[in-house]
Amino acid sequence: MSLVVMKFGGTSVEDQAAIERTAAIVAGRVANGKRPVVVVSAMSKVTDQLLACAAAASRGDRTGALAISSRLRSRHKDTAAALLKSPAAIQNHIDHEFDCLDEVLRGLAAILELTPRISDLIVSYGERLSSAMIAQAFQQRGLNGEHVDSRQVILTDSQYQKAVPLSELIELRCNEIVLPLVNDGKVPVMGGFIGSNEAGITTTLGRGGSDFTGALVGGALNAEAIEIWTDVNGIMTTDPRICPDALRVKVVSFEEAAELAYFGAKVLHPATILPAVSKNIPVLVLNSRNPSNEGTRITSLAPPCSSPFKCIAVKRKLSIIDVVASRMLMTHGYLKSIFDIFDKHQLAVDMVSTSEVSVSLTVDSTDKLPAIAEDLSKVADVKYEGQKALICLVGEDIRGKNGMAAQVFNAVRHINVRMISQGASEINMSFMIEEADADEAVRSLHAAFFQNPDPSIFDVEARKPASTV
Ligand code: ADP
Ligand code: ASP
Ligand code: MG
């Protein structure tokens, strides 16, 4: 059966027009004999606004929180009215959901403590509402949409805000709940990002996690493809918001995609690739505003490319921690004692560099830093600084090539580089700079490495000036 999972991001469902486009794209797949399972994000910016609601309530700003919630209520009800001939039922549902949310916000404003668990409950409304509404919109457009509450399907552990999915249970639930609908000719519509733990309490997979939901469902159902529909033509040579002349990459390997997602290319959630790799399911990144564009294909093996790098990613809001041993030499077990402290605070380290007396590490959290620094100061002298960015160049074709580092650092010779690493995977080179220099570094590298890109891998046609005929 040609089952495809189609995940639509926030901009692809941001308003009536976007949802109409999405419905047309899904209808096109059905017309081609495909059986889609649709995963949707919250409407664009809704997750941020729900988090803002939660933050306001937890500061005691009850009025501010309820005002944001009220604007969100109107946005969803107005969109439903624009989409549906008879919106009353879904509007009642939207009202009921927002009444429940407002209760939570009032409670939060009284207790003034926002736990990760409550935060997950609050943000889950975004995907719950968008998926319920879009299922109805599909029905009205002859698509047989059927809403599925993802919390019944995406079972996770209890690490709120970054829950780990339980693949075997997800597979069972997908086969019990989602597959029968598909077999019945229905188009299941699920919210991305959200799940629930064993006790049925709402969890989320971390920001940008709807891609991950799409991949989990695709993996569980052995889909023929996982399509990630977004607002750009695919994975580009770098973020087009930084470099407008970024080019679409036609094909990348799973390994390359995983590296560049992890190192900050927002277009794909870093964990998306895992379920696809384990079952060798191709992932396509496509543009819902330009559906005829062929997008980017992520496959197990990428064809050889004459350009060394495929993509430049940037990860911002990082901090660098310098730990200097108080005695001259790092003794046996010293590094372990440092990493144990990071483990205790559950903070992942992105990059490490060591010398005889010092260790520098980069992390992407600032709120845990004072507590970590205090613990580290028991074994060493510690300094930390925020506002750093990691620039990462990814490409399988750098394997075994000489002189790449020289070319990279020559391109950014005017920028102060704080730390350097060549990943053990051998397909990425990364370095740490001041966040303020990040855009300039990306533009310089892009100009240096994508002057004459390999036309079999990059969409060079898009760069040619429009014909003047
Ligand atoms: P969605 O809401 O569809 O999940 P996201 O905002 O999460 O979309 O991701 C798409 C955005 O990712 C693009 O608009 C683009 O600005 C950004 N982006 C960052 N790096 C890249 C890249 N290398 N290729 C394409 N887009 C990128
Ligand atoms: N809505 C969630 C977010 O903004 C998940 C997603 O869109 O992927 O992070
Ligand atoms: Mg995203």
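Since every read-out is calculated from the coordinates, none of them should be taken as a lab result. Bear in mind that the values here come from a model prediction, so they are computed numbers and not experimental data. We place every Cβ from the backbone using ideal geometry, glycine too, and count neighbours over all the protein chains shown.
Looking at this model, which pairs from Lys162/Lys383; Lys266/Lys336; Lys250/Lys368; Lys315/Lys368; Lys7/Lys344 are more than 30 angstrom apart at the alpha-carbon?
On the way: Lys162/Lys383 28 Å; Lys266/Lys336 32 Å; Lys250/Lys368 40 Å; Lys315/Lys368 18 Å; Lys7/Lys344 36 Å.
Going by Cα-Cα distance, Lys266/Lys336; Lys250/Lys368; Lys7/Lys344 fall outside the 30 Å limit.
So how far, in whole Å, is the C-alpha centre of region 13-27 from the one of region 257-316?
23 Å
Starting at 0 and stepping by 10 Å, how many percent of the alpha carbon pairs of region 255-311 end up in each bin?
Final binned percentages: 21, 50, 28, 0.
Looking at the calculated P(r) for region 341-469, what percent of the C-alpha pair distances fall above 21 Å?
Values: 4436 of 8256 pairs.
Roughly 54 percent, once rounded to a whole number.
Rounded to the nearest 500 deg cm²/dmol, what is the calculated helix-only ellipticity per residue at 222 nm for the chain, with -39500 (n - 2.57) per DSSP H run of length n ≥ 4?
Dividing the helical sum by the residues of the chain leaves -12000 deg cm²/dmol.
Which cross-chain or sequence-distant (5 or more) residues have an amide H under 5 Å from the amide H of Val40, H modelled 1.01 Å from N in plane?
Distant-sequence amide H within range of Val40: Phe8, Met190, Gly191, Gly192.
Using the Kirkwood formula on the Cα atoms of region 1-146, what hydrodynamic radius do you get, in angstrom to one decimal?
Details: mean 1/r = 0.0629 Å⁻¹.
The answer is 15.9 Å.
Evaluate the distance, in nm, between pseudo-label points positioned 7 Å from the Cα of Glu294 and of Asn222 along their respective Cα→Cβ axes.
Output for this residue pair reads 2.9 nm.
With only alpha-carbon pairs counted, each pair once and no self-pairs, how large is the Kirkwood hydrodynamic radius of region 310-376 in angstroms?
12.9 Å
Please compute the alpha carbon radius of gyration of the chain, then divide it by the globular-protein estimate 2.2 N^0.38 Å. Two decimals is fine. Kindly include the intermediate steps, with their values, before the conclusion.
Values: Rg = 23.5 Å, N = 469, 2.2 N^0.38 = 22.8 Å.
Computed over Cα atoms of the chain, the ratio equals 1.03.
Beyond 22 Å, how much of the Cα-Cα pair distribution for region 198-271 remains, as a whole percent?
Working: 767 of 2701 pairs.
I get 28 percent for the Cα pairs in region 198-271 exceeding 22 Å.
Could you go through region 290-295 in sequence order and give the Karplus-derived ³J(HN,Hα) for each residue, using 6.51 cos²θ - 1.76 cosθ + 1.60 with θ = phi - 60°, rounded to whole Hz, and x for Gly and Pro?
In residue order, the calculated couplings are 8, x, 7, 5, 6, x Hz.
Suppose we keep just the alpha-carbon trace of region 135-194; what are its Rg and Dmax in angstrom?
Spelled out, the Cα radius of gyration and Dmax of region 135-194 are 12.9, 39 Å.
Taking the Cβ of each residue in Ser306, Ser130 as the centre, tally the other Cβ atoms inside 10 Å and list the residues starting with the fewest.
Sorted ascending by nearby Cβ count, the order is Ser306, Ser130.
What is the calculated FRET efficiency for Arg141 to Lys279, with r their C-beta to C-beta distance and R₀ = 30 Å, to the nearest 0.05?
According to the calculation, E is roughly 0.45.
For labels at Lys85 and Lys401 in the simple 7 Å Cα→Cβ model, what's the distance in nm?
Going from the Lys85 label point to the Lys401 one covers 5.8 nm.
Tell me, Kirkwood radius of region 53-125 from alpha-carbon pair distances, in Å? Write down the numbers at each step before the final one.
Numbers: mean 1/r = 0.0791 Å⁻¹.
The answer is 12.6 Å.
Could you give the alpha-carbon Rg of region 190-336 over 2.2 N^0.38 Å, rounded to two decimals?
Working: Rg = 18.7 Å, N = 147, 2.2 N^0.38 = 14.7 Å.
This ratio for region 190-336 stands at 1.28.
Quick one: order Phe309, Phe98 by neighbouring beta-carbon count within 10 Å, fewest to most. The partial results should precede the final answer.
Numbers: Phe309 29, Phe98 21.
Least to most surrounded, the residues fall as Phe98, Phe309.
What longest region of the chain stays clear of GluC sites (Glu not before Pro) that DSSP places outside H, G, I, E and B and that have at most 10 other Cβ atoms within 10 Å?
Of all site-free stretches, the longest is 114-355.
Taking the simple approach of a point 7 Å from Cα along Cα-to-Cβ for both Ser306 and Asp364, what is their distance in nm?
The modelled label-to-label distance comes out at 3.5 nm.
Report the gain in length on full extension from Val164 to Gln16: 0.36 nm times residue separation, minus Cα-Cα distance, nm rounded to one decimal.
Values: separation 148, 0.36 × 148 = 53.28 nm, distance 3.29 nm.
Taking Val164 through Gln16 to full extension adds about 50.0 nm, to one decimal.
Could you list log10 I(q)/I(0) for region 70-174 at q = 0.16 Å⁻¹, which the Debye formula gives when each Cα is one point scatterer?
Reported log10 I(q)/I(0), two decimals: -0.85.
Calculate the FRET efficiency for Glu434 and Arg241 from the Cβ-Cβ distance with a Förster distance of 25 Å, rounded to the nearest 0.05.
Numbers: r = 19 Å, r/R0 = 0.77.
Efficiency at R0 = 25 Å is approximately 0.85.
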